[in-house]
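Worksheet: the structure to be examined is printed underneath.
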Amino acid sequence: MTTEHVRPNYILIWGYLFVLTVIEVAAAFLSHIPKHWLIIILVILAVVKALLVAIYFMHLKFERWRLRLIFIIPLPLAAILVLATITEKIW
Amino acid sequence: MTHATATANMMHPPAPAEPGSGVYSNKLGMWIFLASDVMFFTALIGSYIILRFGMREPWAAPGAVLNVPLTGINTFLLICSSVSMVKAYAAIVDGKKYFLRPVPGKLLRDGGLKFWMLVTIICGAMFVGVQVVEYFKLVQHGLTPAGFREGSHFAEVALADPAKYGAATAGLFGSTFFTMTGFHGFHVTCGVVSMLYLYFTKVLPEKYSPQDYRGIETIGLYWHFVDLVWIILFTIVYLI
């Protein structure tokens, strides 16, 4: 349990998450962005929000690399799984 | 370090770190579980993507069937509960076990572990409650895992505007929607039950201290992960 690090401003992270959520909903329903661009923008926004939660709330920023790896290693596997299923459609 | 001192260290908080990983075993176990949960949700999301984008017929437009404002509020609730969870963690690291305490010269009282854990539990329970209401409304209007129920409201409007409501893909829409949000709701329910258990057995009896707060940190990791999954699900199920 390492507590020596500088504590992040949790309320500020909450503010970021809230603003990003509002932007997401607004982009999805109020904007006239073409559909494929909209999907890319929304996915990027969701990944940014997920990273904010993982890095600051789950304290990955302050953990050792060997612990971070436990969380990072499944991500390429997850990407392979999704991409492999997407290629089903292409071929 | 002799064997005797090593044993003595094992007996006392802070929790001993596992050799190799450098963290205590509860936390390591939770991280490994979360890694497996990443794959679990990826399987659900991956099959959703192939089912949805492999279809020639249009999928229901965002907001046509699902109530996005209600779920937007729900997303906000879950984000709030994640923040209150991390505030609970910060409170016990600082040794604040109390509920609320007045701060001289400040209007707002200072929340301790008991306060922030209660806020987290209430927000989590409200999330599940809103999801149950959402399910009831959807089934009432005719969305079931098998598609639009015959003679229901959705079946009628889908007949009038098949493209907007995704009439041809309603069965896939219903089954993927209920599977993904249902499994996520199950995770939230498990989290709320676990937190309630901890609240009455450990938090209220003040068994956590700045020297040992393993339970709070471990359930916190789980809770933030559930929030993280919802952030992804909200985007791909409700907004896209």
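General remarks:
- Remark: relative contact order (region B:70-169) = 21 percent; criterion is Cα-Cα distance under 8 angstrom and separation of 6 or more residues.
- Sparsely packed GluC sites (Glu not before Pro) within region B:92-196, loop by DSSP, other Cβ within 10 Å at most 11: B:E150
- Residue by residue along B:45-54, Cβ atoms of other protein chains within 10 Å of the local Cβ number 4 on average.
- Mean separation of Cα contacts under 8 Å (6+ apart) over length of chain A, as relative contact order %: 28
- In loop segments of chain A as defined by DSSP, the GluC sites (Glu not before Pro) with at most 13 further C-beta atoms inside 10 Å of their C-beta are A:E4.
- Normalised by residue count, the protein assembly as shown yields a Cα convex hull volume of 157 Å³ per residue.
- Residue-averaged 222 nm ellipticity for chain A, from DSSP H runs of 4+ at -39500 (n - 2.57), nearest 500: -23000 deg cm²/dmol
- The modelled label-to-label distance between B:S36 and B:S152, using points 7 Å beyond Cα along the C-beta direction, is 3.4 nm.
- For chain B: lysine pairs under 26 Å (alpha-carbon distance), excluding those fewer than 8 apart on one chain: 24
No lab work stands behind these numbers, since they all come straight from the coordinates. These numbers come from a predicted model, not from an experiment. Cβ sites come from the backbone with ideal geometry, for glycine too, and all protein chains shown count toward neighbours.
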